[in-house]
1. (1) in a strand (DSSP E or B); (2) touching a residue at least 40 places away in the same chain (Cβ under 8 Å); (3) surrounded by 24 or more Cβ atoms within 10 Å (Cβ to Cβ): which one isn't true of C:Leu76, the others all being true?
2. Output the residues belonging to region C:138-165 that are of a type in the set (Gly, Ala, Ser), in contact with a helix residue (DSSP H, G or I) (Cβ under 8 Å, 6 or more places away or on another chain) and surrounded by 19 or more Cβ atoms within 10 Å (Cβ to Cβ).
3. Return the residues of region C:24-44 that are of a type in the set (Phe, Trp, Tyr) and crowded, with 22+ Cβ neighbours inside 10 Å; say none if nothing qualifies.
4. For region B:89-116, enumerate the residues that are hydrophobic (A, V, I, L, M, F, W, C), buried (at least 24 other Cβ atoms within 10 Å of the Cβ) and part of a loop (DSSP other than H, G, I, E, B).
5. I want to confirm something. Restricting to region A:288-322 and keeping residues that are buried (at least 18 other Cβ atoms within 10 Å of the Cβ) and among the basic types (Lys, Arg), which single residue is nearest to the other protein chains (Cβ to nearest Cβ)?
6. Name the single residue that is nearest to C:Gly221 (Cα to Cα) among those in region C:163-175 being part of a loop (DSSP other than H, G, I, E, B) and in contact (Cβ under 8 Å) with a residue 12 or more places away in the chain.
7. Kindly provide the set of residues from region C:217-228 that are buried (at least 17 other Cβ atoms within 10 Å of the Cβ) and not hydroxyl-bearing (Ser, Thr, Tyr), ordered by number.
8. Give me the residue from region C:84-121 that is more than 12 Å from every other protein chain (Cβ to nearest Cβ) and within 12 Å of C:Thr154 (Cβ to Cβ) and, out of that set, nearest to the chain's Cα centre (by Cα).
Amino acid sequence: MKKSLIALAVLAATGAASAQSSVTLYGIVDVWVGSQETGLNADSVTKVGSGGFSSSRVGFQGSEDLGGGLNAIFKLEGNFAADTGVGSSTGGGFNFNRQAYLGLSGGFGTVTIGKVWTAMDDVLFNNDYAFDSAFFAGNILQVNANYEGNPGNTIKYANSFGAFSGAVSYSLDEDNAVKEDIVDFSIGYGAGPITANFAYQLQNGATDEKLTAFNGSYDFGVVKLLGGLGQYKVGASKSTDYHLGLDVPLSSAMTLSGGYSASTDNAAAGDNERSGFGIALNYALSKRTNAYVGYTQDKTENAAGAKTDENSLMAVGIRHTF
Amino acid sequence: MKKSLIALAVLAATGAASAQSSVTLYGIVDVWVGSQETGLNADSVTKVGSGGFSSSRVGFQGSEDLGGGLNAIFKLEGNFAADTGVGSSTGGGFNFNRQAYLGLSGGFGTVTIGKVWTAMDDVLFNNDYAFDSAFFAGNILQVNANYEGNPGNTIKYANSFGAFSGAVSYSLDEDNAVKEDIVDFSIGYGAGPITANFAYQLQNGATDEKLTAFNGSYDFGVVKLLGGLGQYKVGASKSTDYHLGLDVPLSSAMTLSGGYSASTDNAAAGDNERSGFGIALNYALSKRTNAYVGYTQDKTENAAGAKTDENSLMAVGIRHTF
Amino acid sequence: MKKSLIALAVLAATGAASAQSSVTLYGIVDVWVGSQETGLNADSVTKVGSGGFSSSRVGFQGSEDLGGGLNAIFKLEGNFAADTGVGSSTGGGFNFNRQAYLGLSGGFGTVTIGKVWTAMDDVLFNNDYAFDSAFFAGNILQVNANYEGNPGNTIKYANSFGAFSGAVSYSLDEDNAVKEDIVDFSIGYGAGPITANFAYQLQNGATDEKLTAFNGSYDFGVVKLLGGLGQYKVGASKSTDYHLGLDVPLSSAMTLSGGYSASTDNAAAGDNERSGFGIALNYALSKRTNAYVGYTQDKTENAAGAKTDENSLMAVGIRHTF
């Protein structure tokens with residue numbers, strides 16, 4: 001997610017001698033027009049939608065140089081629906097549902113506290129085909145469907161060493177009745193044509209959930225190969241996910257990307273089989289604005305081979321980052 | 001609605017070579033103190049209120065030059081009550097209930113998608129007396145009371161040719177059960193002392209609603225004559241609205257404006273008769289701040305001539321735009 | 001509460017000739033990690049929390065020079081929880097629950113209208129030990145527990161004369177059924193080593209509530225002595241509060257502060273006795289960022305001497321103002 005910054009000269013209220021700093025107002029507005037089917041045998045609905053390429057959002061972020069290589073950093077960011085103006089709180093108000101944290105960054109790495117993306121979230125979507133957009137058939141993947149990306153009340157540590165980066169996070173449930181803390185770690189590697197990421201999340205609860213994900217890519221220049229594997233365990237049940245795709249640069253401004261996703265259970269209730277695919281074309285109108293068109297569909301079949309769910313989306317849209 | 005812009009130099013996060021752009025933080029804070037009667041035989045209540053002259057709001061807007069005369073534009077704007085701080089969502093949170101859109105603007109005109117004011121909304125209030133404030137007796141007009149100004153999920157096209165401007169908008173209901181799409185077009189003319197506007201809105205539903213409005217003004221210099229006609233049809237029922245008023249400039253900073261509004265039904269249930277008037281004095285304290293004082297009252301009588309509703313507002317207030 | 005300002009050059013949309021002005025985006029992000037006990041015999045809960053030192057908030061404020069020494073001023077400010085991103089509205093959305101007002105400021109003083117802190121709120125917390133943080137044992141004080149700090153629909157006048165400052169505020173309930181208006185005045189004095197404040201608030205209702213508070217401080221240099229007295233009357237019942245503490249500067253960047261609070265009723269239902277203490281260490285990492293650690297506990301005993309409530313908080317945190 002590239003962002004443009006609004007660098008603002010900050011003048012302390014109490015005098016001209018204070019240090020320079022920066023606060024950034026940033027966001028994404030992403031709208032699409034298309035046709036969507038949600039659920040088995042559902043009629044397709046023509047829609048104006050939000051977030052076809054990236055979810056629409058607004059945020060504030062800033063940093064302050066504390067000296068000695070230490071920086072205070074903060075971020076406040078929330079989603080909104082660009083088609084209706086509605087926010088993400090229960091009552092439809094805007095709030096900082098995505099991120100709200102304060103942290104310290106320095107030679108030791110970065111510690112952030114608050115509503116922070118978990119360590120798994122940092123890397124889980126890094127090698128999704130179709131630009132990790134709404135055209136990536138991801139909802140059928142059980143890791144994606146069941147993981148908690150930003151539970152809040154989180155303490156996180158992240159750092160990088162050369163080609164490697166890593167993070168651990170711990171999210172408190174703040175309830176003594178049942179321990180429902182969430183523990184994460186992730187590690188990433190990127191050098192030359194290769195990227196590779198591994199993440200693990202443990203969601204404590206009455207029945208613990210364990211989520212493991214690996215993804216990677218290899219850039220051949222003409223095409224970039226992308227893929228991922230995932231495993232979701234809850235009690236004795238286990239689901240296995242994979243996805244595989246290609247990015248194909250057609251010109252300096254245009255890239256085509258598509259792929260296939262699948263997930264299998266060995267649940268006591270029977271082995272569900274889920275599969276889907278997606279394809280999207282991205283055209284950069286500028287550094288901060290792109291147009292896109294895409295299609296995705298997925299289906300779920302139960303152990304008897306009967307279809308129990310299906311979804312599809314065809315849309316053309318435009319996204320602006322500021 | 002004049003707005004002050006905060007022009008911000010935008011430096012792309014990824015380097016100094018990127019194009020200049022602008023993001024604007026803007027808004028209106030409007031508070032009043034006054035006395036309000038709401039409903040038949042209701043006691044008057046002394047109040048601190050919000051939006052006597054214009055509804056209080058905050059927004060972000062921006063644009064990016066895409067080259068070739070093409071611009072990406074976006075706007076995110078929501079209301080709040082300046083007397084209580086409460087926003088417009090169900091739970092009282094702030095959201096972008098007024099506008100949330102992304103669009104493209106160029107020689108071909110402007111296309112916007114999202115939560116956009118309908119084409120009718122663009123011109124419906126252009127020639128209201130009393131500065132289209134809370135002192136314009138508008139609630140009794142059945143077009144105003146029944147039209148949907150920004151239903152969301154809207155695609156809109158607007159353009160202008162010399163003295164003429166026009167827009168069409170289409171708002172999707174996104175529900176296959178009953179078609180409730182909203183279709184609009186409007187056209188405006190402004191040259192010399194004359195302005196004239198026409199708008200039509202079709203609100204599809206179990207029973208279709210059709211709204212038509214015409215308004216115009218003639219500036220004699222000493223006074224400006226303002227007026228409008230409206231028709232609201234739902235099934236076999238029809239209501240006819242009109243309003244007529246005068247703007248009287250008293251000095252370079254002070255303008256008096258007032259007028260009369262009326263509406264008649266031919267509903268099966270009987271012919272309601274509605275009428276009201278309003279008067280307001282506007283004093284510009286600066287380019288961005290004005291003080292105002294005004295009075296308005298209206299009443300509704302049923303077919304038997306019995307009063308069924310009455311409302312009044314007397315207030316003094318101040319409005320600041322930023 | 002010191003704030004850093006983002007001074008923005010404002011260019012009016014309608015031309016370059018308009019006056020310079022300023023809009024400020026400001027806020028506080030405050031997170032802590034600690035252990036909290038809430039209620040009698042409650043287990044302690046390990047938490048990531050928000051607002052250990054100051055409540056987390058975001059706001060916009062601005063002013064315009066109207067000429068002749070007159071300024072239009074506005075402020076829009078709301079709380080959020082930095083640990084979860086949630087706002088303060090019923091549905092969890094962000095809104096301007098703290099302040100939303102427009103005002104005029106000049107030689108005559110300052111008049112503000114809207115969601116304004118009452119005159120009592122201006123001074124009530126000025127001499128709380130433990131930096132008026134969450135480590136000040138304040139909830140047991142009946143003035144603090146029962147006063148309304150910003151009821152909204154408020155008209156306020158404030159001014160200062162040399163070492164003296166004062167304010168009166170009136171908050172309308174806007175309901176004719178029961179008069180529940182709130183009336184306030186406060187006066188403050190600060191010169192040399194001495195500060196002193198007095199405030200009175202009358203909360204009209206079915207039974208009127210009367211709140212009186214006095215607080216002061218004397219700075220001996222080596223230590224600063226802080227204290228306050230309060231009285232809360234509702235009908236025939238009366239509670240008396242006091243708190244006493246010390247600020248001890250340990251270095252240019254580090255201050256220790258602590259103290260004791262107590263409150264006694266003479267309620268018909270029996271004399272509750274409440275007491276608590278708190279201590280906090282504040283370390284300034286920079287002008288705008290500070291780290292803190294603190295502990296507080298309080299308890300309530302009924303007329304029979306049985307404990308009916310107890311609370312404690314131990315936390316380490318960091319606060320950033322922007």
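The values are calculated or read from the model by the stated rules, or taken from the named source; none is laboratory data. Since the structure is predicted, the reported quantities are computational estimates derived from the model, not experimental observations. Virtual Cβ from ideal backbone geometry, glycine too; neighbours counted across all protein chains shown.
1. So the condition that C:Leu76 fails would be (2).
2. C:Gly138, C:Ala158
3. Answer for region C:24-44, where residues must be of a type in the set (Phe, Trp, Tyr) and crowded, with 22+ Cβ neighbours inside 10 Å: just C:Trp32.
4. B:Phe94, B:Phe96, B:Val116
5. Ranking the qualifying residues of region A:288-322, first place goes to A:Arg288.
6. Narrowing region C:163-175 to residues part of a loop (DSSP other than H, G, I, E, B): C:163, C:172-175.
Filter once more, keeping what is in contact (Cβ under 8 Å) with a residue 12 or more places away in the chain: C:163, C:172-174.
Values: C:Ala163: 20, C:Leu172: 43, C:Asp173: 45, C:Glu174: 48 Å.
Step by step, filter region C:163-175, then rank; the result is C:Ala163.
7. C:Lys224, C:Leu225, C:Leu226, C:Gly227, C:Gly228
8. Ranking the candidates gives C:Asp121 first.
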